[in-house]
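Following: one structure in structure tokens, then a few remarks.
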Amino acid sequence: MKQTILFYIFSALLLISALLAVRLRNIFHAALFLIAAFVAVSGIFLTLDAELLAGLQVLISVGAVSVLILFAIMLTHRLYDTSRAAFNGQEVTAAFLGAVMLVLSILVLTSAPWPASWGARIPLLDLAGALLRDFALPFELTSVLLLAACVGALFLARKEER
Amino acid sequence: MVGLTHYLVLAFLLFLVGLYGVLTRRNAIGVLMGLELMFNAVNINLVAFSRSSNFSPASQAAGQVFAVFILAVAAAEAAVGLAIVVCLYRNSGSIQVDEADKLKG
């Protein structure tokens with residue numbers, strides 16, 4: 001019962017802030033609503049008993065990625081310049097495409113025989129074992145990827161020497 | 001009781017909202033924000049499936065491990081993508097995606 005209520009609260013929060021994040025004209029306000037959407041996704045993870053992922057979501061998405069986005073906006077954008085159009089005039093086409101995909105996929109989603117009940121919650125020890133034993137190689141490769149992304153971002157964003 | 005289908009429909013709605021943002025924004029950072037929403041939708045799907053009952057405990061944990069990897073890849077994507085946006089702004093003075101047509105010749 002508690003899970004149901006929390007699910008609907010976080011879903012409403014998530015969808016409203018996601019819609020505002022894609023529809024607001026001011027990109028800075030849109031980014032603030034994107035942060036709200038990240039927090040709501042972390043709440044959705046909590047209703048699924050995925051505490052580790054909820055924490056990671058807050059640390060990485062809410063903490064790091066959104067700060068990066070806000071800084072990029074402040075570095076590149078004239079914040080209150082409203083003379084330029086924020087959208088490219090294809091809103092109707094995009095909304096139509098989305099509506100068609102929505103109808104088709106809801107037909108599929110509701111007719112497919114999904115498992116009806118939830119399994120046991122995953123113990124943190126199992127998760128740690130999977131991450132550091134079964135998936136040890138991808139885990140290490142991820143650190144290489146993050147290092148490469150770090151160096152690449154520094155290289156791309158540094159000032160050109162003349 | 002909320003079932004798996006609820007989570008799947010929620011994740012799909014979030015994915016479509018992100019897709020709408022990617023297709024309609026003119027600002028490159030707005031496009032990246034739409035991408036982040038789509039990453040989150042996929043993560044909700046993975047975590048919801050990892051909790052459903054007809055999988056073995058090992059593959060249940062694998063669902064959440066994949067979500068962790070997607071979080072890491074999303075962070076790397078945001079860092080490199082925003083660096084490219086800053087670079088584009090420095091070179092052309094604009095980050096509108098429909099004005100970035102230098103490669104057209």
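Each distinct pair of alpha carbons in the stretch B:4-103 adds a 1/r term; the inverse of their mean, the Kirkwood radius, is 15.1 Å. Shown for the stretch A:24-144: the carbon plus sulfur share of the solvent-accessible area, taken with all protein chains present and a 1.4 angstrom probe, equals 74%. When A:71, B:55 are compared by accessible area of protein heavy atoms, the largest-first order is A:71, B:55, using a 1.4 Å probe.
For residue A:77, the accessible area of its heavy atoms, probed at 1.4 Å with every protein chain present, is near 50 square angstrom. Each Lys and Arg adds +1 at its Cβ and each Asp and Glu adds -1 at its Cβ; summed about the Cα centre, the stretch B:4-103 shows a dipole of about 100 debye. The distance between label points at residue A:59 and residue A:104 comes to 4.0 nm (points 7 Å beyond Cα on the Cα→Cβ vector). Working from label points 7 Å from Cα in the Cα-to-Cβ sense, the residue A:29 to residue A:85 distance is 2.0 nm. Net charge in the neighbourhood of residue A:87 (other residues with Cβ under 10 Å of its Cβ; Lys, Arg +1, Asp, Glu -1) is +3. Of the solvent-accessible surface of the stretch B:60-104, computed with a 1.4 Å probe and all protein chains present, 67% belongs to carbon and sulfur. Counted residue by residue at 0.36 nm each, then reduced by the alpha carbon distance between them, the extension gain from residue A:96 to residue A:116 reaches 4.0 nm. Its DSSP H runs of at least 4 residues, each contributing -39,500 (n - 2.57), put the calculated 222 nm mean residue ellipticity of chain A at -22500 deg cm²/dmol, to the nearest 500. Looking at chain A, the accessible area is 61 square angstrom per residue; that uses a 1.4 Å probe and ignores ligands, DNA and RNA.
The values are calculated or read from the model by the stated rules, or taken from the named source; none is laboratory data. Predicted, not measured: the structure shown is a model, and the values here were computed from it. In this analysis, Cβ positions are derived from the backbone assuming ideal geometry, glycine residues included, and neighbour counts consider all displayed protein chains. Ligands, DNA and RNA are stripped out before the accessible areas are found, and what is left, the full protein with its side chains, is counted by its heavy atoms. Shrake-Rupley method; radii C 1.70, N 1.55, O 1.52, S 1.80 Å.
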